[in-house]
Amino acid sequence: MGNPLTPLPFLCSGFPYVRTGERLMSTANEKSGGQPSRRERIANDWKTSDYYDRVEETVAQFWSESGHFRPMFNHLDLTSVLELACGRGRHVPQYINRAGSIVLVDVNEENISFCRSRFSDAKVKFIKNNGFDFSAVDDNSLTSIFSYDAMVHFELFDIFEYLKEARRTLKPGGYALFHHSNYTGGPENDYNKNPHWRNFMSASIMRYLASRAELEVIQQKVIDWGSRRKHFQHDCISLIRKPIGQSEEPSAA
């Protein structure tokens, strides 16, 4: 297998990157002149948004048996599941009764506090993370990871970090299911300047990143998002697996 820390070739010109220890980090995600980083600005956009209240009743689109998401979700082993960017937990009621243990992860303390109040079941644990890992989770401890309606906004560099975290924390044969952007217009834009606030990403880039994290893309589905004239194929769902028999540590170059 290749080195998962190999610099991304399509970013080596015109989009600076730096190595920080074992992490590939974008200078765009570092604070500049005391201003919030891109990652922090994205997180801050969702602290006071009324979006969570508005979409609580539209959650059915993710869970309909005839929809795009549920058939792929059904591949997941819910013995030990982590939901990344859980928001206020609108998806949890759809799977809590089938899950053995649940870890809810979000970058905003406001969302984690809301979820603590909403879910009192002892099998649900909560992590407020830093926006690019879930270091509090043990290696090889999860059977599945998923994220709906959130990763579409993430910086590409952070998605790569989360893929490496999936590689670390999933049991061999475990699955990750990620709903991410398929929008490649305006790569220099802040995400909130793009249609539906989709960040720069694509199905093919996800396949590249997953391979560099030593994961396998099992299935991808490009889907429409929006309504009427603002209905675009700007989203993708990727089902990704940690290979069975893979060593605990990524291979060296």
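The values are calculated or read from the model by the stated rules, or taken from the named source; none is laboratory data. Computed from a predicted model, the values in this text were never measured in an experiment. Virtual Cβ from ideal backbone geometry, glycine too; neighbours counted across all protein chains shown.
Structure summary
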read-out: Hits in region 138-150 (condition: aliphatic (A, V, I, L, M) and buried (at least 20 other Cβ atoms within 10 Å of the Cβ)); value: Leu142, Ile145
read-out: Exclusive hit being more than 20 Å from Leu76 (Cβ to Cβ) and either over 14 Å from the mean Cα position of the chain (by Cα) or surrounded by fewer than 16 Cβ atoms within 10 Å (Cβ to Cβ) (or both), set Gly131, Gly185, Gly174; value: Gly185
read-out: Out of Phe62, Phe15, sole residue that is at pLDDT 50 or above, under 21 Å from His153 (Cα atoms), surrounded by 14 or more Cβ atoms within 10 Å (Cβ to Cβ) and among the aromatic types (Phe, Trp, Tyr); value: Phe62
read-out: Any hit, region 205-216, residues being modelled with pLDDT under 95, in a loop (DSSP other than H, G, I, E, B) and more than 20 Å from Pro71 (Cβ to Cβ); value: no
read-out: Filter result for Arg90 (out of contact with any strand residue (DSSP E or B) (no Cβ under 9 Å at 6 or more places or on another chain), in contact (Cβ under 8 Å) with a residue 24 or more places away in the chain and closer than 24 Å to Met206 by Cα); value: no
read-out: Qualifying positions in region 120-131 - touching a helix residue (DSSP H, G or I) at 6+ places or on another chain (Cβ under 6 Å) and at pLDDT 95 or above; value: Phe126, Lys128
read-out: Within region 65-90, tally of residues that are surrounded by 14 or more Cβ atoms within 10 Å (Cβ to Cβ), assigned to a loop (DSSP other than H, G, I, E, B) and in contact with a helix residue (DSSP H, G or I) (Cβ under 9 Å, 6 or more places away or on another chain); value: 9
read-out: Tally, over region 100-111, of residues that are over 21 Å from Leu78 (Cβ atoms) and either free of Cβ contacts under 8 Å to residues at least 12 places away in the same chain or crowded, with 19+ Cβ neighbours inside 10 Å (or both); value: 3
read-out: Selection count, region 112-154, where residues are touching a residue at least 40 places away in the same chain (Cβ under 8 Å) and either closer than 21 Å to Asn97 by Cβ or among the acidic types (Asp, Glu) (or both); value: 9
read-out: Residue within region 91-106 that is more than 20 Å from Trp63 (Cβ to Cβ), in contact with a helix residue (DSSP H, G or I) (Cβ under 7 Å, 6 or more places away or on another chain) and assigned to a loop (DSSP other than H, G, I, E, B) present; value: no
read-out: Candidate set from region 217-238 (those that are in a strand (DSSP E or B) and modelled with pLDDT under 80); member that is nearest to Ala150 (Cα to Cα); value: Trp225
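Yes/no per residue for (1) at pLDDT below 95; (2) out of contact with any Leu (no Cβ under 7 Å at 6 or more places or on another chain); (3) within 19 Å of Ile145 (Cβ to Cβ):
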site: Ser66; (1), (2), (3): yes, yes, no
site: Asp77; (1), (2), (3): no, yes, yes
site: Ser80; (1), (2), (3): no, no, yes
site: Glu83; (1), (2), (3): no, no, yes
site: Ala99; (1), (2), (3): no, no, yes
